[in-house]
2 protein chains.
Amino acid sequence: MPSSPVADPLQPPQTVEAFRTRLAELSGHLPRRLQQCADHLAAHQDSVAVSTVAEVAARAEVPPSAMMRFCQILGFSGYSEMQRLFRNAMTLGLPDYATRLANLKSGPADRPAALLAEFVEAGRLSLERLTRDLDEDLLNQAVEVLSSAAVIHLAGYRRALPVAAYLAYVFEQLAIPAMLHDGIGGLDQRNAMRAGDALLAVTFAPYSSETLSVAAAGRARGLPVVILSDPPATPLLPQADLVLTVAEADFGAFRSLSATTAFALSLAVAIAARRKG
Amino acid sequence: MPSSPVADPLQPPQTVEAFRTRLAELSGHLPRRLQQCADHLAAHQDSVAVSTVAEVAARAEVPPSAMMRFCQILGFSGYSEMQRLFRNAMTLGLPDYATRLANLKSGPADRPAALLAEFVEAGRLSLERLTRDLDEDLLNQAVEVLSSAAVIHLAGYRRALPVAAYLAYVFEQLAIPAMLHDGIGGLDQRNAMRAGDALLAVTFAPYSSETLSVAAAGRARGLPVVILSDPPATPLLPQADLVLTVAEADFGAFRSLSATTAFALSLAVAIAARRKG
DNA sequence: CCCAAAATAGAATATTTGTTCCACCACGCG
DNA sequence: CGCGTGGTGGAACAAATATTCTATTTTGGG
């Protein structure tokens, strides 16, 4: 691809990394006002996504026109184009969303490989978002609670079943007592939840009533309940002691589980480490 | 007009928390278009900060004016005021992805968050490799074969079960006849495989004998057999018509399924598109 | 089945925001 | 010591965007 190590002054940076590189290159041999722009952007680059030129310029203590000139020096056509870069990087929705969705819906012989590229992109965004938005404290609490359980009960239906099943597999590998409530044949396994155990339930909106009912049963027995879901999980807050959320980017009506599986695995391994330590 | 005589003195939510609460209150007893707004905002609340009304409205599949009305129902004077709430919440927010990832990794290796950062990194690598190493021709053939099947039979055990289960879920959503051979209670479902059907088996090294035996049964019945596995899949080549591989990066002894789920979803959606087209 | 009230869509309007342009200033070089 | 080059700020202009308004459709009650 046409991305060279040395910055081409006519081509705008396509990624935030490229943007930073360009900024570093320029910084130092720049007229005073433009240097101010560079310094300010280096320190507050993400605020570009949500601010107007006037605001950014004011914070950098330069007139708006100076900021405009600076954008153009970076290779952008103007402030808007630079802003678009940061907006795209910030939102989980894919760029050109409408166009791509139209292609997916109408495009007759859309190549499977193109489709795959979209889902890979969605997965990448989700993973990125996962580290950025992580509530570390919440995760630590979940590890704490679950690692001290005698048996970890797992629940998850429909789209959440793969995650619960995966957790069951990993826990077994790690020699951690765990039990998957698969609800096969309508058989409950709720009475298997005993004092000293804990429940880890996985559910995504719209929340399946089975999962919620297992969670309620767990609480009724006094078990700590941890729910893994997608944001916003507001309706779940009263149902659990801890609610962890993973935002999974969608493409069209479809959502992969790329970030969720990574999160689940981390959780399991962290629990194992805690139990050993 | 901050105070009205009626018992609906709507003050705009001052925090995102308050915003979520109000959303939850309203949701349910709302006219159709406004409910769409509520649903969309619940799922993509942060994208408001970086999008115009027109964009948000388009994604929610409502006209812009409907979104405006909804903002006013929430108590805001208009979209701009609502947007301000999210912009403010975001600027105080976290450093960007690269910085955050570096911070997470630099900490003690036993921190759950550090662990997560590693798995996220592994996931990203896997996704990257997935597009790079993709054998497009093979994927097209798989789509071709599976899309013309009357029923798609799915097999997968142990670590592959989540993938097979996920495929079963997605096929059902897409109204594609599919059957998961879960092998529950040691019950085979092999006689359900009939002429005109196809088998999609998922297995990773070391290959489970159950999966291989289902694949053999499928072939014996003359069904086309597609296997989804990890490289090198050489031992599987004689067992199947097509062998697709997804390389999943590992961290320590552990492998996530980030790339595999993305691949599985793509495959399913591509098959659906092919059947419709 | 009809009517009133609410909801809706899209066009018209108002406002905000980005961008360009040009007069002015500072500095260095002939 | 002027003259030219490059930098600067602000005002004028253009584009994008939010917001309001109204004709039309839908909904629910009598």
field: Value of relative contact order over chain B, rounded to a whole percent, pairs C-alpha under 8 Å and six or more apart
entry: 15 percent
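With both bridge residues required to lie in chain B, what share of the DSSP beta bridges run antiparallel, to the nearest 5%?
10 percent
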task: Using the 7 Å Cα-to-Cβ label point, sort the distances from B:T234 to its equivalents in the other copies shortest first and give them in nm to one decimal.
output: 5.7
- prompt: Against the longest alpha carbon principal axis of chain B, how many degrees, from 0 to 90 and to the nearest 10, is the axis of helix B:64-73 turned?
  reply: 60 degrees
query: Out of residues 5 or more away from B:V202 or on other chains, whose amide H comes under 5 Å of its own, with H placed 1.01 Å from N in the peptide plane?
result: B:A155, B:G156, B:L228
query: GNM, chain B, Cα, under 10 Å: largest mean-square fluctuation among B:R111, B:R59, B:R194?
result: B:R59
statement: Taking the alpha-carbon centre of each part, the distance from the range A:120-149 to the range B:221-273 in Å is 26 Å
field: Principal axis box of chain B, alpha-carbon based, largest edge first, Å
entry: 78, 48, 38
query: For the range B:40-93, what is Rg from Cα atoms divided by 2.2 N^0.38 Å, rounded to two decimals?
result: 1.04
- prompt: For B:165-178, what's the mean count of beta carbons from other chains sitting within 10 Å of each residue's beta carbon?
  reply: 3
query: Pick from B:V214, B:V226, B:V16: which is most flexible by mean-square fluctuation in a GNM of chain B where alpha carbon atoms under 10 Å apart are linked?
result: B:V16
- request: Could you go through the range A:246-252 in sequence order and give the Karplus-derived ³J(HN,Hα) for each residue, using 6.51 cos²θ - 1.76 cosθ + 1.60 with θ = phi - 60°, rounded to whole Hz, and x for Gly and Pro?
  value: 10, 7, 10, 5, 10, 10, x
statement: Once phi for every residue in the range B:134-139 is put through the Karplus expression 6.51 cos²θ - 1.76 cosθ + 1.60 (θ = phi - 60°), the whole-Hz ³J(HN,Hα) values, with Gly and Pro written as x, are 4, 8, 4, 4, 4, 4
message: Under the rule of at least 5 residues apart or a separate chain, name every residue whose amide H is placed under 5 Å from the amide H of A:T245.
response: A:S229
- request: With r as the distance between the Cβ atoms of A:I184 and B:D241 and R0 = 30 Å, compute the FRET efficiency 1/(1 + (r/R0)^6) and round to 0.05.
  value: 0.40
task: Could you calculate the FRET efficiency of B:S80 with A:T15 from 1/(1 + (r/R0)^6), where r is the beta carbon distance between them and R0 is 25 Å, rounded to 0.05?
output: 0.25
query: Given B:I73, B:T91, B:A43, which one lies farthest toward the positive end of the charge dipole of the range B:16-91, if we put +1 on the Cβ of every Lys and Arg and -1 on the Cβ of every Asp and Glu?
result: B:I73
message: Given an 8 Å cut-off on Cα distances and at least 6 residues of separation, report the relative contact order of the range B:16-91 as a percent.
response: 30 percent
message: Give me the inter-chain shielding for B:125-138: mean count of other chain Cβ atoms within 10 Å, whole number please.
response: 3
query: Considering amide H positions built from the backbone, and no H for Pro or chain starts, which residues 5 or more places from B:M179, or on another chain, come under 5 Å of its amide H?
result: B:I152, B:H153, B:L154
- prompt: So how tilted is helix A:112-133 from the main axis of chain A? Cα-based, degrees 0 to 90, rounded to 10.
  reply: 90 degrees
query: Copy-to-copy spacing for B:K276, label 7 Å out on the Cα-to-C-beta vector, in nm, shortest first?
result: 4.7
message: Please report the antiparallel percentage of the DSSP beta bridges confined to the protein assembly as shown, to the nearest 5.
response: 10 percent
message: As I understand it, the value is the acute angle between the Cα axis of helix A:161-173 and the longest principal axis of the Cα atoms of chain A; what does it come to in degrees, rounded to 10?
response: 70 degrees
- request: Determine the equivalent ellipsoid of the protein assembly as shown by diagonalising the alpha-carbon gyration tensor, then write out the semi-axes as square roots of 5 times the eigenvalues, largest first, rounded to whole Å.
  value: 41, 29, 24
message: Going 7 Å from Cα along the Cα-Cβ axis for the label, what nanometre distances separate A:E144 from the same residue across the other copies?
response: 5.8
query: ³J(HN,Hα) across the range B:183-189 via Karplus (A = 6.51, B = -1.76, C = 1.60, θ = phi - 60°), whole Hz, x for Gly/Pro?
result: x, 5, x, x, 7, 7, 10
message: Give me the extension gain from B:H29 to B:E136: residue separation times 0.36 nm, minus the current Cα-Cα distance, reported in nm with one decimal.
response: 33.7 nm
- prompt: If one computes the Cα centroid of the range A:152-207 and of the range A:37-81, what distance in Å separates the two points?
  reply: 50 Å
statement: For the range A:183-269, percent of DSSP beta bridges that are antiparallel (nearest 5) comes out at 20 percent
- prompt: Other chains near B:181-189: what is the mean number of their Cβ atoms within 10 Å of each residue's Cβ?
  reply: 1
message: Restricting to DSSP loop positions (anything but H, G, I, E, B) with no more than 13 other Cβ atoms inside 10 Å of their own Cβ, which GluC sites (Glu not before Pro) remain in the range A:8-79?
response: A:E61
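Every number here is computed from the coordinates shown, using simple stated rules; none is lab data. These numbers come from a predicted model, not from an experiment. Positions of Cβ are generated from backbone atoms using ideal geometry, with glycine treated the same way; all protein chains shown enter the neighbour counts.
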